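Heads up, the thing below is written out as structure tokens.
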Amino acid sequence: MLGSLSGYFTWLIREGLLEANPAGHVNKAVTNGSRARVLSLGEFREIWHALGTSDYADIVRLLAWTAARKSEVGGMRFDELDLDSAEFNVPAARARNGKPRTIPLTPSALALLEARPRNGRELVFGHGRDGFTGWARAKAALDQRIAAARQAAGITAPMEPWVVHDLRRFFATQASEILGVAPHVVEAALGHIAVFKSGVAGVYNRSSYGVEHRRALERWAQLLDEVVSGKRPAATIVRFGKRR
């Protein structure tokens with residue numbers, strides 16, 4: 001906001017409509033830099049088993065399966081879904097980089113969306129004319145359930161603070177290290193304009209890596225299923241009332 005206002009006031013000065021920039025001497029907000037939090041497989045399993053049944057629970061499951069942004073899923077519309085082709089088509093107007101993109105839907109994600117009630121609404125989640133908006137309250141409730149599960153399992157240490165956006169970093173890191181998904185496919189799955197497609201390379205390489213993207217998410221969903229079901233060992237895994 002400060003940058004936008006400062007630029008606007010500078011333009012007004014150049015147009016002779018203002019003598020001084022009111023934003024010129026305002027301190028910038030303190031930032032903590034980029035986050036480095038990477039969820040472990042065990043932590044993910046805790047989160048999954050604490051989700052329960054709600055709009056928020058379905059959103060988090062979709063975020064885990066698709067590595068999409070929470071705004072993309074929280075504001076999802078039924079007309080953006082091609083269930084026959086198992087695709088979620090994010091329009092440019094809702095994409096962070098202003099470019100439309102297609103997110104493949106794995107069988108689990110597809111089944112979840114097919115079961116969602118329409119209730120005469122265009123939006124998949126939320127109420128009235130808005131998409132999902134109860135992020136903070138739902139996340140706080142989820143954290144309380146996780147803490148209760150840890151306490152019931154005799155674990156006194158709390159889970160390290162995490163945010164929903166960390167699920168994207170969880171995918172990027174674990175899919176690379178465990179599944180060996182290539183960096184350019186990870187970037188495509190995250191909807192990033194990768195470095196390898198910048199400049200001249202981006203002029204010639206127009207591939208969206210759709211096939212590779214779908215295959216990566218299918219393998220990722222299989223990995224998550226193994227983690228959640230206990231087929232894949234993970235350190236410090238907690239289930240309600242039990243320690244595995």
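The values are calculated or read from the model by the stated rules, or taken from the named source; none is laboratory data. Computed from a predicted structure; not experimentally measured. Only protein heavy atoms, including side chains, enter the accessible area calculation; ligands, DNA and RNA are left aside. Shrake-Rupley method; radii C 1.70, N 1.55, O 1.52, S 1.80 Å.
Pulled fully out, how much extra length does the chain show between Ala182 and Lys139, if you take 0.36 nm times their separation in residues and subtract their Cα-Cα distance?
Numbers: separation 43, 0.36 × 43 = 15.48 nm, distance 3.15 nm.
The Ala182-Lys139 span can extend by a further 12.3 nm.
If you count Lys pairs in the chain whose Cα atoms are under 20 Å apart, skipping same-chain pairs closer than 8 places in sequence, the total is 4.
Rounded to the nearest 10 degrees, the inclination of helix 210-229 to the longest alpha-carbon principal axis of the chain is 40 degrees.
Using only the alpha-carbon atoms, how far is helix 135-152 inclined from the longest principal axis of the chain? Give it as 0 to 90 degrees, nearest 10. Once rounded, one gets 30 degrees. Dividing the convex hull volume of the alpha-carbon atoms in the chain by its residue count gives 180 Å³ per residue.
When ligands, DNA and RNA are left out and all protein chains stay put, how many square angstrom of accessible area per residue does the chain have with a 1.4 Å probe? Mind dumping the intermediate values first?
Numbers: 13950 Å² over 244 residues.
Each residue of the chain exposes 57 Å² on average to a 1.4 Å probe.
Expressed as an acute angle from 0 to 90° and rounded to the nearest 10, what is the orientation of the C-alpha long axis of helix 2-14 relative to the principal long axis of the chain? So the helix axis and the longest Cα principal axis differ by about 10 degrees.
If I compute solvent accessible area with a 1.4 Å probe over the protein chains, what percent of it on the chain is carbon and sulfur?
Details: 7420 of 13950 Å².
Accessible surface attributable to carbon and sulfur in the chain totals 53 percent.
Ellipticity at 222 nm from helices only: DSSP H runs of n ≥ 4 in the chain, each -39500 (n - 2.57), divided by the residue count, give -14000 deg cm²/dmol. In the elastic network of the chain, a GNM with C-alpha springs shorter than 10 Å, the most mobile of Thr102, Thr173, Thr156 is Thr156.
Comparing Leu83, Leu112, Leu17 in a Gaussian network model of the chain where C-alpha atoms under 10 Å apart are linked, the largest mean-square fluctuation is found at Leu17.
For Glu160, the accessible area of its heavy atoms, probed at 1.4 Å with every protein chain present, is near 100 square angstrom.
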